[in-house]
Amino acid sequence: MNELVEIVSERNGVPITTSRKIAQVFGKEHKNVLRDIESIIIDDEFSRLNFELSNYKSRGKKYSEYILTKNGFTLLVMGYTGEKAMRFKKAYICQFDAMESFIKSIQVAKLDYPALTKAIEQAHEEPKFYHFSNEINMINRIVLGTDAKHFKEENGIDKKENSIRPYLTAEQIKAIEELQRIDIGLLVANIEFEQRKQIIKSHYTKSICGLEVKT
């Protein structure tokens with residue numbers, strides 16, 4: 001839903017939204033959303049972890065707002081009813097799920113592909129989760145014939161496993177690392193994705209055929 005673009009963001013590895021954004025999406029006055037939040041929070045660990053009182057500036061004045069996690073948001077909007085509210089709830093949850101995937105993909109990429117991760121961050125002003133997954137999936141498909149998700153399914157690997165690297169052969173890891181180095185150079189050179197894919201695929205095809213390739 002277009003209304004939810006950039007509504008969920010990331011802070012310190014946690015997907016969050018704000019009371020102002022919730023007011024905007026659900027068509028409510030911000031003061032009423034603040035009232036709703038303050039009516040459900042109490043002095044307990046759940047409230048401390050999922051509702052954080054903050055502030056923002058507008059026209060030189062400082063105003064209060066709350067920062068909410070997915071759990072905080074879910075608790076708050078339980079009381080929002082109606083067909084439109086239900087659509088927004090579902091779409092909002094999808095946004096949280098997408099942000100969680102983004103955060104997870106960055107964490108995995110930083111562990112397995114630190115140089116590639118840095119190149120992606122430099123190539124995109126505001127990297128999205130698909131920027132990381134697109135690059136990694138492209139290389140995995142070229143070397144493994146499939147992406148990480150389907151590789152896990154085909155090899156009986158628990159889907160909760162963050163990385164497939166421990167399940168790869170030394171030859172597969174070597175090939176992936178080589179293609180990553182090429183991809184990094186192409187990213188830095190600002191080559192478009194489809195062109196990068198063709199260059200990398202061509203390099204890999206020639207290398208497995210035993211041809212000498214200069215890069």
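Residues ARG48, ARG20: which one is within 23 Å of GLU126 (Cβ to Cβ) and assigned to a helix (DSSP H, G or I)?
Of ARG48, ARG20, the one residue that is within 23 Å of GLU126 (Cβ to Cβ) and assigned to a helix (DSSP H, G or I) is ARG20.
Does region 56-80 hold any residues that are surrounded by fewer than 10 Cβ atoms within 10 Å (Cβ to Cβ) and of a type in the set (S, T, N, Q), and which are they?
SER58 - this is the single residue of region 56-80 that is surrounded by fewer than 10 Cβ atoms within 10 Å (Cβ to Cβ) and of a type in the set (S, T, N, Q).
Filter region 188-207 for residues that are outside any helix (DSSP H, G or I) and of a type outside the set (Val, Ile, Thr) and give the result.
ALA189, ASN190, GLU192
Restricting attention to region 156-167, does a residue exist that is in contact with a Lys or Arg (Cβ under 8 Å, 6 or more places away or on another chain) and under 13 Å from MET138 (Cα atoms)?
There is no residue in region 156-167 that is in contact with a Lys or Arg (Cβ under 8 Å, 6 or more places away or on another chain) and under 13 Å from MET138 (Cα atoms).
Every read-out reported here was derived from the displayed coordinates using simple, explicitly stated rules and does not represent laboratory data. Because the structure is predicted, anything quoted here is derived from the model rather than measured. Here Cβ is always computed from backbone atoms with ideal geometry, including for glycine, and neighbour counts include all displayed protein chains.
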